[in-house]
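This report refers to the structure that appears directly beneath it.
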Amino acid sequence: MDLKKLNDEYLKLKGKLDNINNRIKKANEEIETIESNKKTKEGDIKILEGELEQAKRSKDEALVKSKSEEIKKVELEIKGFNEKVEDIREDIKSYQDKLKGIQEQINDKLKELQENPELKKHIEEVMEKRYERRLKDEKKKLEVASNKKAKIEKLQEIVNKSPSVKNYLIGIMNSTLEIDKLKKQIDDLKKANPIDTKKIADLTTQISQLEVKITKNKDLLMGIRGLDFKDEDLKELLDNGIVVNKNGKIDLAATLNNRRAQLNRQVKKYTKSIAEHEKALETLGRSTSEQTSSEPGQHQSPTRITRTEPAQDSNSEQSHETENSSEPAQEDEEQEASEQEEKPKWYQFVKRFKMWNEKRKQKALPEAEQPEAPTPENNTQPKNNFKNALKYDIVKDLYKQADKQVLKDARSKRKEEASFETPISQDQDGDER
C-alpha cells in the first residue's frame, strides 16, 4: 500500500471539501445580510403605508401618488431580495450535493485503510500505549486531588475545633482581599494624569504591611500540629475564591466547602476517566487476542531456534548409543589386550595409540556431521510497514475516529455497569458518602 499516494489523494479531497464548506458558509452569511436588509425594507413599507394613509385623509393626490410609487419600489426590492435568497439556497443545495459526493470519496479512502489488518493492528497498539500513558497520568492526578481534598477536610476539622486556626485563616483572607483592592487603586492612579506618586507610595507601604500580617498568620497556621498544609495549598484555596456574605464578612465555612467541592469534582472526573480508559484497554486487549486466535502465528512472539536445542537431542541420542555399544567394545579391547601381551611392548604401544586415535575420531564424528540449525529468518517478527504511518493526515484522522469510538464504547460500558451498582448518596458539596 502506497500511503503517501493515498494521503495525497485524501488531502486533495479534503481541500475540495473545505472549499465547498467555505462557499456554503459565505452563502449563508449572504442570506443573513439579505434577510436583514429585507427586514429594514419591510419596516420602511410600514412607514410609507402610514404616510400614504395620512395623504389619503388629507386628500393630497400628489402625495398619495408619490407614496404609492415609493411603496411599489420598496416592494420590488423585497421581491428581489426573496429571489436572491432562493438563488443562493439553490447554490447551497448544489454545494451540499457536491459535498456528499466528496465525503463519500473520502470515506472510501478511509475504508481502504480500515480494511488493512496490519494498519488496524498498528493503530490499536499505538492507542493502547497512549491509553496506558494517559491512565498513568490520570491516576497521578487522582492521587494529587485526593490528597488535597483530604487536607481541606482535615483543615475543616481543625477549624471547627480551634477558634485560633479560624482566626488565622480569616486574617489571611481579609489581608488578601485588602491587598487586591489597594493594587486596583494603584493601577487606576497610574492611568491618571498627572500620576500621584505620593499616594501610590502610601498604598505600596500599606500592601507591604498587609503582606507581613499574611506571613505571620501563615506561619502560625502551618505550625499547627497534625495539619499538613503548604503554601501551594493555601494559594489554591485563596485562588478558588473567598466567599463574602451580604454583611461584608468572610464566610470561612462556605469558602472551605467550595474548595472541597471543587476537589471532589476533580476526584470524580479522574475516577471516571480512569474507569473509561481501563475499559478501553480491556476492549483493545480482547480485540488483539481475537486477532491472534483468528490469525495463528501472526501476533505470536517468534520462537528462537538456537544451535543448543537440537544439539541436546542429538547428544542424548549419541550418548545413549555410546552407552549401548560401550560394553562389547570393552570386551573386544580386553581380548585384543590379552592376545597382544605376548607381542613386544613397542608394538602394543603403537597398537593402543591407533585404537585411541580411532575412538577419538568416532566420538568427534557425530558432532562434526551434526546438521546446521535452521536460521530464524522465517520465524522473526514481521516487519511493521506502518511504523511511521501516523505522520500522514489520513491515518491521523482514522486514528481519531477509532479513538473516539473506543472511548465512546468504553463510556457506554462503564455507564451500563454503573447502572447495576447501588446508587451513591451525596451531600451538599457533591461528596460521595
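The values are calculated or read from the model by the stated rules, or taken from the named source; none is laboratory data. None of these values were measured; they are calculated from a predicted model. In this analysis, Cβ positions are derived from the backbone assuming ideal geometry, glycine residues included, and neighbour counts consider all displayed protein chains.
Could you check region 216-246 and list, in sequence order, the residues that are aliphatic (A, V, I, L, M), part of a helix (DSSP H, G or I) and more than 14 Å from N167 (Cα to Cα)?
The answer is L234, L237, L238.
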- Task: Select from region 127-174 the residues that are surrounded by fewer than 18 Cβ atoms within 10 Å (Cβ to Cβ) and hydroxyl-bearing (S, T, Y) and write down the one among them that is farthest from Q266 (Cα to Cα).
- Result: S164
- Residue identified as of a type in the set (G, A, S) and under 26 Å from the mean Cα position of the chain (by Cα) among S146, S94: S146
- Query: Which of (1) under 17 Å from I170 (Cα atoms); (2) within 38 Å of the chain's Cα centre (by Cα) does D228 not meet, given it meets every other one?
  - Reply: (1)
- So is E278 surrounded by fewer than 20 Cβ atoms within 10 Å (Cβ to Cβ), among the acidic types (D, E), modelled with pLDDT of 90 or more and not assigned by TED's automatic domain parsing to the domain that holds K140 or not? yes
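Can T205 be described as touching a Leu at 6+ places or on another chain (Cβ under 6 Å) and either of a type in the set (S, T, N, Q) or not in a helix (DSSP H, G or I) (or both)?
Considered against the rule, which asks whether it is touching a Leu at 6+ places or on another chain (Cβ under 6 Å) and either of a type in the set (S, T, N, Q) or not in a helix (DSSP H, G or I) (or both), T205 comes out as no.
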- Scanning region 46-70 for residues that are out of contact with any Lys or Arg (no Cβ under 6 Å at 6 or more places or on another chain) and either among the aromatic types (F, W, Y) or crowded, with 16+ Cβ neighbours inside 10 Å (or both), which turns out modelled with the lowest pLDDT? K67
- Query: If you check L177 against the conditions, is it among the aliphatic types (A, V, I, L, M), assigned by TED's automatic domain parsing to the domain that holds K149, within 21 Å of V165 (Cα to Cα) and surrounded by 13 or more Cβ atoms within 10 Å (Cβ to Cβ)?
  - Reply: yes
